[in-house]
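Notes to accompany the following structure.
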Amino acid sequence: MNKEQYRHVSKSRLRIEAHEKVSGRATYAFDMEMPGMLYAKCLHSPHAHAEIVAIDTSAAKALPGVKAVLTGEDIPYLVGLYMVDKRILARGKVRYQGEAVVAVAAVDEETAERALTLIRVEYKLLPSVSTIDEALAGKILVHEDINELEYIQGVFFPQPDSNIASWNKTSKGNMNQGFAEAELIVENVLTLPAVAHVPLETHVAIAQADPCSKQVKIWAATQSPFGVRKLLAKALGISTGDIQVIAPYVGGGFGGKAGIHLEPLATVLSRVCKGRPVKITATREEEFNQLPCRAGMRGRVKTGVKKDGKITAVEIYYDWDSGAYADYGVNVGKAATYSGAGPYEVPNLELHSRTLYTNKVFSTAYRGFGHLETHWIIERQMDLVAEKLGMDPYDFRMKNILRNGSLTISGERIHENSGRPDQCLDAVAKEIGWAGYQSAEERQTAFKTGKVRGKGLACLQKAPAMPPHTSTTAIMQMDDDGNVRLMIGVVDMGQGANTIMAQIAAEVLDMPIEKVKVVWETDTDRHPYDWSTVASKYTFMGGNAVKRCAQNMVQQMKETAAQVLRCATEDLAHNNEYIYHVQHTHRRIAYKALALGYAYENGNGIGGPLVARGTYMADGLTFLDPVTGQGLPALDWTFGAHGAEIEVDVETGDVTVLKIASAFDVGQVINKRLIEGQIMGGVLQGIGSALVEGYKFGADGRLLNPSFTDNKIPTAKDIPRDLVPILIENPQLDGPFGARGIGEHPMISVPSVIGNALYDALGINFFDLPLSPEKVALAIVREKAQA
């Protein structure tokens, strides 16, 4: 038998839904229309912090075509995943400018918008919390009821009578001894602003609540259909079995569509409207101003080192501006406690990660889940320390990088199958021709030309951030023609998960990938459970579940074939869509002959329809110790590194990224084309965070740039002319064929590598993102003035 006939793992395959999407046939929640559907719009608060004194909705209710008008007083529910602190509509007071105060459902969007103009709201302004320092001072509380809020105890730690939604800590070794041993101590403060996710499809939810029962059916642009079902059931006090959530194609998420958002409001409106479906579609401005963003953050880092470059101690304070609600934000802050020192061995460490309430638009997960933020601080600090030591940043990193036998900051031991950050760093350094910092004389000579160039390095690490008991499932059924239908709970929002799972299934079954159909529209009533499509976990976890599912189907076929061929199952193998005897290969049975049960010539039958299952639960993970942060939080680490070359216009401050080399230890390539696509997209997204993106708030808490007019994102024109993906394969033994996830990782440390390259180009250190032309140009002017 030809064992190489159907090889799928490591092959570049076109995404299985590609033609449907590029032809415009794919259906998104944004596109969906239903008979009798109503359309909802929200009235938003113009104030960052204010008491709601009175709301007059009488004129809106009287408008023809309006079917419902709701305020927070009509909806007493609190929702939230980790901190149950978020209201469906503001009740009693508003906590950020843009918060939804009143919702209207009408026969069309124009009528709903007209109704909003007829609503009158009286506010009493309250002093607001605008900065991290104001939040820490606690003179004004964003949530006066913080002591009563529900949260996951032992994992998150809200501080009484404060604005600290959670204070997570990690400690390792002896800090006093570590700093006493240091021959150089370097302290810095770095910041980065809040940033929008900007998915192509904005948030959309359609809900239909059965007026005769508790049943609710929801169609939503969501990354977490099973999470929406669970959280909505809890908020409404009904069974999860009463709620069906369907996720059609999703036009991008990046973490912003994880958790629960517009679905509860659509559900409540549908109930009031006697079961008519209600659709809420966020405008682009609402996407910026009402819905969650990536948190702003300030990092204060203190590093002690020996003169030979060995790190002796690190102290870090990460303060996250989570905005008005910390529902998901506290988990982003927690991720810093086991990953926030970068891929380095730190013998003595004290790390504090504080998730703070302020009167700004609230935060949630964003691609990289807190890691782009912490790596901006750590990877810039590595260069800053190297500069003070007079040491090459490459050598400094290699001196301290995690290796076989190293302990992470949470006490996990790195072993030979954990991946190789040193190989990633070495690969990108070679690709960009790294030779250390330029001299001051070289920079001065380049300045005369008006364009200066610089190179930089940065490392990265990330592991899935999820509860220890996270699990996923796959179900597979074979049809009578031998084709296989695979059902999984993942939401493919562009990452290619369905294609990867089809490749894994086809590899195990040894059949053409065209015969594996992934039933893609995730439906909580029909698809098997998956926790949530986040954290770059699905290739690893879903891949293992699908692999086990396919193996289970093969085993079922062998058990039936063993009876037909009168041999032991151990004597059977499979290949080319046949089960066959290993010694007498001519004795074989086609898969399709077993699909619905084997039929003998006399009409007798054995076996039955082939339905297989496979599950995977995160293996061995633990909660972190609440005092020390020690434990096993990471399922599998994916390590990586970037090397960049940039050019700076010294007159305008414009930064052009000429080349980025990005290396990742992926364990095993499943689909090279999809990985390279992730790298290119992630790097470009990281360039956006580095150079142009960032919320700007006025003194009154108003978001000043809630549209593409003033809140830019990178375009195809910003793609580096030379973007080099480098794939390193040190297999993860418990991964599917050795694979690790890479979905979020390419974005991490892109701002850091550009910041480091800026120092090489200009001899100027930058501490705050974004690295805008204005910021760079002013820094050059100041440097010239001081020269």
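The values are calculated or read from the model by the stated rules, or taken from the named source; none is laboratory data. Predicted model, so just to flag it, every value in this text is computed and none were measured. Counting neighbours? That spans all protein chains shown, and the Cβs are built from the backbone with ideal geometry, glycine included. With ligands, DNA and RNA removed, areas are computed over all heavy atoms of the protein, side chains included. Shrake-Rupley method; radii C 1.70, N 1.55, O 1.52, S 1.80 Å.
For the reader, a short list of remarks on this structure follows.
- Test: residue in the stretch 151-163 that is assigned to a helix (DSSP H, G or I), crowded, with 17+ Cβ neighbours inside 10 Å and not aliphatic (A, V, I, L, M): no
- Scanning the stretch 429-453 for residues that are closer than 11 Å to V648 by Cα and either outside the structural domain of M391 (by TED's automatic domain parsing) or among the small types (G, A, S) (or both) yields A446, G450.
- Answer residue from the stretch 560-587, given it is outside any helix (DSSP H, G or I) and of a type in the set (V, I, T) and is most open to solvent (accessible area, probe 1.4 Å) among those: V582
- Applying the criterion of being of a type outside the set (A, V, I, L, M, F, W, C) and under 24 Å from the mean Cα position of the chain (by Cα) to the residues of the stretch 301-320, the residue that is most open to solvent (accessible area, probe 1.4 Å) is Y317.
- Screening the stretch 441-531 for strands (runs of 3 or more DSSP E) wholly inside it with 2 or more residues that are closer than 30 Å to E373 by Cβ returns the ranges 451-462, 471-478.
- The set of residues in the stretch 417-440 being touching a residue at least 24 places away in the same chain (Cβ under 8 Å) and not in a helix (DSSP H, G or I) consists of N417, S418, G419, R420, W434, G436, Y437, Q438.
- The condition (being at pLDDT 95 or above, open to solvent by 40 Å² or more (accessible area, probe 1.4 Å), in contact with a strand residue (DSSP E or B) (Cβ under 8 Å, 6 or more places away or on another chain) and outside the structural domain of V669 (by TED's automatic domain parsing)) is satisfied by just one residue among H44, H49: H44.
- Total residues in the stretch 168-182, condition assigned to a loop (DSSP other than H, G, I, E, B) and touching a helix residue (DSSP H, G or I) at 6+ places or on another chain (Cβ under 6 Å): 0
- Comparison of L81, L70 shows that the only residue that is of a type in the set (A, V, I, L, M, F, W, C), buried (at least 17 other Cβ atoms within 10 Å of the Cβ) and modelled with pLDDT under 95 is L81.
- Of all residues making up the stretch 692-717, the number that are of a type in the set (A, V, I, L, M), open to solvent by 20 Å² or more (accessible area, probe 1.4 Å) and closer than 24 Å to L190 by Cα: 4
- Of the strands (runs of 3 or more DSSP E) lying entirely inside the stretch 588-642, those containing at least 1 residues that are touching a Phe, Trp or Tyr at 6+ places or on another chain (Cβ under 7 Å), open to solvent by 10 Å² or more (accessible area, probe 1.4 Å) and charged (D, E, K, R) are 588-590.
Quick grid of which residues meet (1) surrounded by 22 or more Cβ atoms within 10 Å (Cβ to Cβ); (2) part of a loop (DSSP other than H, G, I, E, B); (3) in contact with a Leu (Cβ under 7 Å, 6 or more places away or on another chain); (4) modelled with pLDDT of 95 or more:
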residue: Y96; (1), (2), (3), (4): yes, yes, no, yes
residue: V104; (1), (2), (3), (4): yes, no, yes, yes
residue: E110; (1), (2), (3), (4): no, no, no, yes
residue: E113; (1), (2), (3), (4): no, no, no, yes
residue: E122; (1), (2), (3), (4): no, no, no, yes
residue: D133; (1), (2), (3), (4): no, no, no, yes
residue: V142; (1), (2), (3), (4): yes, yes, no, yes
residue: S166; (1), (2), (3), (4): yes, no, no, yes
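- Within the stretch 716-743, the set of residues being more than 21 Å from the chain's Cα centre (by Cα) and part of a loop (DSSP other than H, G, I, E, B) comprises I719, P720, R721, E729, N730, P731, Q732, L733, D734.
- Among the residues of the stretch 169-224, the one identified as open to solvent by less than 10 Å² (accessible area, probe 1.4 Å), among the polar types (S, T, N, Q) and farther than 20 Å from S532 by Cα is T170.
- Given (1) part of a loop (DSSP other than H, G, I, E, B); (2) touching a residue at least 60 places away in the same chain (Cβ under 8 Å); (3) open to solvent by 20 Å² or more (accessible area, probe 1.4 Å), index of the condition G323 fails: (3)
- Tally, over the stretch 670-705, of residues that are within 30 Å of N359 (Cβ to Cβ), touching a residue at least 40 places away in the same chain (Cβ under 8 Å) and aliphatic (A, V, I, L, M): 5
- Count of the stretch 35-80 residues which are touching a helix residue (DSSP H, G or I) at 6+ places or on another chain (Cβ under 6 Å), part of a loop (DSSP other than H, G, I, E, B) and of a type in the set (G, A, S): 1
- Here is the figure for the stretch 328-346: residues that are in a helix (DSSP H, G or I) and of a type in the set (D, E, K, R) total 1.
- Among the residues making up the stretch 458-483, those that are over 16 Å from Q551 (Cβ atoms) and open to solvent by 10 Å² or more (accessible area, probe 1.4 Å) are M466, P467, P468, H469, S471, D479, D480, D481, N483.
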